[in-house]
Amino acid sequence: MDLELYDQTSAGAQPEQLQLIRDLIDLAGKTLKLRDDTEVSVTLMNNDDIQKINEQYRGVDRPTDVISFAMHDDDDDDLIVMDPELAAELPLNLGDIMISVDKVSEQAAFLQHSEARELGYLVVHGFLHLNGYDHLQPADETEMFTLQRQILDAYGLEK
């Protein structure tokens, strides 16, 4: 798994937080049996910055905890047809995950668990969205949240 990690927070992320993200992305990728050359980026930011992104892309003028931008989706409008052999040689870029560290702190306090647990939850949640999972329908929610819990538990971030 090729992870690009960006820290745009005002205080700077802790090394433990960055390692947690690396480890969870790697574990989630292995759990989903993704190719070794799969690429993803994670950006840590503060509420002000994620609020701007939330407003611009979702029309919601408030900070959110995590936003995922999938590189590939089911929209055929942007479909590029490529030779299968060439396509197999290119890395699989899943997309980008953006996380508010302010929301990590707020939600961890509210839910009375560690910030590591909350950060881990948001990383895995965003990662699963990049891989086509969602929670709009009850059956999809059960599937996504079960997988999410399995990954977090396997890492040792039980609720």
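Listed values, structure above:
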item	result
Failed item, numbered, when residue 34 is tested on (1) assigned to a loop (DSSP other than H, G, I, E, B); (2) within 14 Å of residue 98 (Cα to Cα)	(2)
Residue ID - surrounded by the most Cβ atoms within 10 Å (Cβ to Cβ), chosen from residues in region 103-147 that are of a type in the set (Val, Ile, Thr) and free of Cβ contacts under 8 Å to residues at least 40 places away in the same chain	104
Identity of the residue in region 31-61, without any contact (Cβ under 8 Å) to a residue 12 or more places away in the chain and out of contact with any Asp or Glu (no Cβ under 8 Å at 6 or more places or on another chain), that ends up nearest to residue 152 (Cα to Cα)	33
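Each reported figure results from applying straightforward, stated rules to the coordinates on display, with no laboratory input. Note that the structure is predicted; figures quoted are calculated from it, not measured. Using ideal geometry, Cβ is built from the backbone for each residue, glycine included, and neighbour counts are taken over all protein chains shown.
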